[in-house]
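Below you'll find the structure, written out as structure tokens, and then a few comments.
The values are calculated or read from the model by the stated rules, or taken from the named source; none is laboratory data. Nothing here was measured: the structure is a model prediction, and the numbers come from that model. Virtual Cβ from ideal backbone geometry, glycine too; neighbours counted across all protein chains shown. The area values use the complete protein model at the heavy-atom level, side chains included, leaving out ligands, DNA and RNA. Shrake-Rupley method; radii C 1.70, N 1.55, O 1.52, S 1.80 Å.
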Amino acid sequence: MKILIDEGKCVGAGQCVLAAADVFDQRDEDGIVILLDAVPPHELLPQVQDAAARCPALAIEVVE
Amino acid sequence: MPTLDHIVLVGASAAGLTAADALRREGFTGTLTMVGEELRTPYDRPPLSKQVLAGDWEPHRSTLRQDTDIQRLRMNLRLGCRATGLDTAERVVTLADGDRLGYDGLIITTGLRPRRLPFGHELAGVHVLRTLDETLTLRAQLLAGPRVVVIGAGFLGSEIAATTRGLGLDVTLVDVEPTPLARQVGTWVGGLAGDMHRDHGVRLRMRRHVTGMTGDNGRVTAVVLDDGTRLPADVVVVAIGSVPATEWLAGSGLALGDGVLCDVTCRAAPRVYAAGDVANWPHPAAGGRVRLEQRTNATQQALTAAKNLLSGPAEAVPYAPVPFGWTDHYGTKIQTCGWCPSDATIEVVDGDPQPRKADGDPQARKFVALYKVDGRVVGALGWNSARALREYRSHLTENSAA
Ligand SMILES: Cc1cc2nc3c(=O)[nH]c(=O)nc-3n(C[C@H](O)[C@H](O)[C@H](O)COP(=O)(O)OP(=O)(O)OC[C@H]3O[C@@H](n4cnc5c(N)ncnc54)[C@H](O)[C@@H]3O)c2cc1C
Ligand code: SF4
């Protein structure tokens with residue numbers, strides 16, 4: 001699994017961090033997403049998919 | 001588990017598409033039909049009053065799903081097609097083109113329509129903003145350098161004023177409340193928002209009712225206020241709230257009020273669910289019925305509605321989210337979580353609402369404010385504090401789960 005993020009679309013809602021805190025964080029200044037792990041272990045797939053589904057800006061793409 | 005062979009989704013936007021995704025992800029393999037009134041490929045609304053109106057984004061950037069992702073959902077996508085009626089006994093949705101769609105599961109995600117003033121909308125230059133086409137029409141008129149009056153200083157009107165001012169135009173923002181955002185987040189934060197508009201050169205006319213508009217040759221020339229002031233205007237944007245798009249449900253037998261009245265599982269009738277801006281449901285932690293006009297709610301509620309439709313009432317889970325919303329003005333990000341009632345007591349817990357920087361940079365303002373009712377924290381607002389706010393959001397989640 002590989003994760004792609006579009007910072008330009010991110011609105012800093014932090015939904016991704018709530019769903020998968022091991023994979024996503026937010027920048028302090030503006031809340032824009034930080035990818036902690038672009039190639040996370042497979043067992044995190046459900047959480048990562050959940051993050052992508054909940055992201056209101058559709059800024060997260062999961063390539064399986 | 002109910003037998004479901006054909007699910008119909010009415011409303012092809014954020015909530016509708018999320019429901020479609022969720023149904024397929026949860027293993028629904030039957031026929032899926034999505035009906036949407038707008039002709040365009042479904043797009044997202046938050047960027048409309050921000051990046052799209054400003055011209056920072058090409059319109060297609062707000063598209064919600066690429067064509068390939070939509071194809072992967074294997075839907076009959078009926079765009080440019082309005083649902084005109086629902087018969088819950090026969091389980092049939094009627095369409096404007098006369099077609100009748102039978103369903104054994106239905107999710108209603110028809111959102112809102114802008115509220116209009118009883119006057120003025122027949123004049124050229126008077127706008128509302130809910131759709132991409134309305135945004136592009138407004139943007140085209142802004143390029144001519146007009147004097148702009150925005151009526152309504154809620155989230156939408158405030159953003160439109162900020163974006164329009166960012167294009168260098170002469171902008172006046174009018175509202176009956178004492179400050180912008182007063183109904184949404186109270187007058188304390190509203191006062192700071194008002195300062196921000198003034199700092200950027202937007203003229204505020206607060207505590208004023210609009211009583212009329214004047215026109216010449218069918219074009220608007222001015223907005224008239226209750227104190228007799230005439231605000232000259234070439235473009236007027238009316239942003240005075242919205243009403244749920246439920247007119248097509250009249251006579252359907254569904255309970256309608258401020259939206260489609262659902263139970264705590266988003267169910268409006270057997271096999272009929274609603275989600276997003278149009279759905280009204282009793283929130284377990286809010287102590288009453290609510291309807292949220294927030295982008296994250298459209299997604300979360302659609303996920304729950306889709307799962308509950310598939311699982312059937314016996315297994316359905318209650319929908320009890322911590323609400324989350326945001327607005328951007330002039331590069332400042334204001335985010336709310338939980339409830340931020342205008343009569344709450346405010347406590348600033350993180351940062352400084354009045355930074356005394358030598359350069360007077362308003363961007364330096366950064367804080368989290370807690371909203372308390374009867375000593376209990378019911379919500380929090382972050383001003384340029386996305387990360388700090390998240391900490392308080394998890395507290396609210398714990399509180400509402402308890
Ligand atoms: C300009 C703007 C800016 C916003 N900014 C923010 C923001 O910064 N932050 C935030 O949290 N929220 C924001 N919102 C709110 C957010 O966009 C909404 O909460 C979200 O769009 C709700 O999605 P929805 O799918 O429930 O409804 P909608 O997006 O309203 O979609 C409903 C769809 O149903 C269609 N429809 C209606 N009636 C029928 C019918 N009878 N038959 C067929 N189709 C029908 C409509 O044409 C529409 O396409 C903003 C909204 C607007 C308009
Ligand atoms: S959920 Fe989406 S918009 Fe929110 S911080 Fe994460 S990537 Fe950004």
Checklist outcome for this item: Quick calc: nm separation of the 7 Å Cα→Cβ label points for B:Asp99 and B:Val348 -> 5.6
Next on the checklist: Would you calculate the convex hull of the Cα atoms in chain A and tell me its volume per residue in Å³?
Outcome noted: 65
Checklist entry - Highest mean first, what order results for B:154-163, B:176-185, B:249-258 on Cβ atoms within 10 Å? => result B:154-163, B:176-185, B:249-258
Checklist entry - Which value, in Å² rounded to 10, gives the accessible area of B:Val10 with a 1.4 Å probe and all protein chains present? => result 10
Checklist entry - What FRET efficiency would be calculated for the residue pair A:Ala38, B:Arg147, taking the C-beta separation as r and a Förster radius of 56 Å, to the nearest 0.05? => result 0.70
Item to check | Cα radius of gyration and Dmax for the protein assembly as shown (Å) | outcome: 22.2, 69
Checklist outcome for this item: Computed for B with A: buried accessible area summed over both chains, 1.4 Å probe, rounded to 100 Å², at 1900
Next on the checklist: Please report the net charge: other residues with Cβ closer than 15 Å to the Cβ of B:Asp258, K and R +1, D and E -1.
Outcome noted: +2
Item to check | Shielding by partners, peptide B:20-28 (average Cβ within 10 angstrom, other chains) | outcome: 1
Checklist entry - For region B:232-294, taking Cα atoms only, what is the radius of gyration to one decimal and the Dmax to the nearest whole Å? => result 14.8, 53
Checklist outcome for this item: Computed over chain B: longest principal axis from alpha-carbon atoms vs helix B:295-311 long axis, angle to nearest 10 degrees, is 10
Checklist entry - Excluding same-chain residues fewer than 8 positions from A:Lys9, which aspartates and glutamates have a Cα within less than 15 Å of its Cα? => result A:Asp30, A:Glu61, B:Asp44, B:Asp56, B:Glu58, B:Asp328
Item to check | Amide H partners (placed H, <5 Å) of B:Arg205, local residues excluded | outcome: B:Leu173, B:Val174, B:Asp175
Checklist entry - When the helix-only estimate is applied to chain A (DSSP H runs of n ≥ 4, each -39,500 (n - 2.57), divided by the residue count), what is the mean residue ellipticity at 222 nm, nearest 500 deg cm²/dmol? => result -6000 deg cm²/dmol
Item to check | Helix-only CD estimate at 222 nm, as mean residue ellipticity for chain B, using -39500 (n - 2.57) per DSSP H run (n ≥ 4) | outcome: -7000 deg cm²/dmol
Checklist entry - Relative contact order for chain B using alpha-carbon pairs under 8 Å, separation at least 6, rounded to a whole percent? => result 15
Checklist entry - Any idea what angle helix B:187-199 forms with the longest principal axis of chain B, computed on alpha-carbon atoms, 0 to 90 degrees, nearest 10? => result 60
Checklist outcome for this item: Partner shielding of A:30-36, as the mean number of partner chain Cβ atoms within 10 Å, equals 3
Checklist entry - Considering lysine pairs in chain B that are 8 or more places apart or on different chains, how many have Cα atoms under 23 Å apart? => result 6
Checklist outcome for this item: Computed from the beta carbon distance with a Förster radius of 22 Å, FRET efficiency for A:Leu45 and B:Glu315 to the nearest 0.05 stands at 0.35
Item to check | Ranked packing of B:309-321, B:270-282, B:288-300, most packed first, by mean Cβ within 10 Å | outcome: B:270-282, B:288-300, B:309-321
Checklist outcome for this item: For A:Phe24, the accessible surface traced by a 1.4 Å probe with all protein chains present amounts, in square angstrom to the nearest 10, to 0
Next on the checklist: Between helix B:132-142 and chain B, what is the angle of the helix's C-alpha long axis to the longest principal axis, kept within 0 to 90° and rounded to the nearest 10?
Outcome noted: 20
Checklist entry - Say we join alpha carbon atoms closer than 10 Å with springs in a Gaussian network model of chain A; which of A:Ala20, A:Ala52, A:Ala38 then has the biggest fluctuation? => result A:Ala38
Item to check | Average projected area [Cα convex hull, chain B], square nanometres | outcome: 21.0
Item to check | HN-Hα J in Hz across region B:324-335 - Karplus 6.51, -1.76, 1.60, θ = phi - 60°, x for Gly and Pro | outcome: 9, x, 8, 8, 10, 10, 6, x, 9, 9, 10, 10
Checklist outcome for this item: Taking N as the residue count of region B:116-240, its alpha carbon Rg divided by 2.2 N^0.38 Å gives 0.97
Checklist outcome for this item: Here the whole-number average of other chain Cβ atoms within 10 Å per Cβ of A:2-15 is 4
Checklist outcome for this item: Given backbone amide H placed at 1.01 Å from N, residues whose amide H is under 5 Å from that of B:Tyr43, ignoring those fewer than 5 places away on the same chain, are B:Leu64
Checklist entry - Expressed as a whole percent, how much of the Cα-Cα distance distribution for region B:331-397 exceeds 14 Å? => result 55
Next on the checklist: Show me, for region B:96-112, the HN-Hα J-couplings you get by feeding each phi into the Karplus relation (A = 6.51, B = -1.76, C = 1.60, θ = phi - 60°), rounded to Hz, glycine and proline as x.
Outcome noted: 4, 7, x, 5, 10, 9, x, 9, 10, x, 9, 10, 9, 9, 8, x, 10
Checklist entry - Could you give the nm distance between label points at A:Asp30 and B:Ala255, where each point is 7 Å from its Cα heading toward the beta carbon? => result 4.5
Checklist outcome for this item: Rg/Rh over Cα atoms for region B:1-75, Kirkwood Rh, comes to 1.06
